[in-house]
Amino acid sequence: MICLLGFGEVGQIFATDWGTGFSAWDVKFADPGSAPAKALAGFGLSAPASAHEAVRDARLVVSAVTAAEDEAAARAVAGGLAAGAYFLDVNSASPGQKRRAAEVIEAAGGRYVEGVIMSPIGHKRLASPLLLGGPHAAEFEAVARAAGFGGARVYAAEIGLASATKLCRSVMIKGIEALLTESLLTARHYGVEAEVLGSLGDFFPGQDWEKLAYYMIGRGLQHGARRAEEMREAAETVAEAGLVPLMSVAIAARQDLSAGLRHAFEEPDLPAMLDAMARPK
């Protein structure tokens, strides 16, 4: 039996791919009208009475909660874990938070495995590239593949390195999104966006920059809240390295702003999207 912690976008993708053979827990199950509770009912399942009940019979617990709740999720289920159960943590949390979650799970008799998804989850879904970290990673790889994680591979014996890899990458990817958003919103205001995009093509050849900008700005509109939270974890990762996270903090702020402009995601092209972003609802 697999227990899934968190029934948001990622959790529902995993659940859909598994179909059966899983239980689930989400703090929002307490509200029958919440999106996670309604989604669970769509699988013909009812919410367990508690987090401990949800994990009681699970040999594998997959934590797919929001990044800020990574350690809290581990604490919520620690007292109910079966001895030797694997706890796969796929949240985009900082190395420090991952290590604290691992301490909680190991103290409870579980086997903590760091997991990092290295591509947008909607593309390959359960088979997305998954870096495994920690002292149990090597033995867990076969378990992961049996559970459908076809892209799983051992990355490091030390907890935190996989997360550092993901979040350093996030500074770049989500930073480009933030830069494109700010640059092109401003350019659209002055009516010079076509020239700006053309100059990007000269400087970075081989890309359709209008198409790329539409996609990358749209990602922030569609998933801005989650991405902002991830960038706050990236900022924590930078700070844990002894550096000042100037860029990561700013990127998180831009992603938060994009989250409030989700209505613009409905527009069919870049100019219309930018115009809608400039007219907040």
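Just so you know, all these numbers are worked out from the coordinates, no wet-lab data involved. Since the structure is predicted, the reported quantities are computational estimates derived from the model, not experimental observations. Every residue, glycine among them, receives a Cβ derived from its backbone with ideal geometry; neighbour counts consider all protein chains shown.
Descriptive notes on the structure:
- Here the chain yields Rg over Rh of 1.01, to two decimals, using C-alpha coordinates and the Kirkwood radius.
- Close amide-amide hydrogen proximity is noted between ALA157 and GLY134, each under 5 Å apart and 5 or more residues distant or on a separate chain (H modeled in the peptide plane; Pro and chain starts excluded).
- Divided by 2.2 N^0.38 Å, where N counts the residues, the Cα radius of gyration of the range 97-162 comes to 1.09.
- Fewest neighbouring Cβ atoms within 10 Å first, the residues THR181, THR20 line up as THR20, THR181.
- The range 158-277 - convex hull of alpha carbons, volume per residue in Å³: 109
- Built amide H within the under 5 Å cut-off of ALA24, gap 5+: LEU4
- Relative counts (whole %) of C-alpha pair distances in the range 2-159, using bins that are 5 Å wide: 2, 10, 21, 24, 23, 14, 5, 1, 0
- Largest GNM mean-square fluctuation among PHE22, PHE204, PHE265, using the chain with Cα springs under 10 Å: PHE204.
- Here the chain carries DSSP beta bridges of which approximately 15% are antiparallel, counting only pairs with both residues inside.
- Here the sum of -39500 (n - 2.57) over DSSP H runs of 4 or more residues, divided by the residues of the chain, equals -17500 deg cm²/dmol at 222 nm, to the nearest 500.
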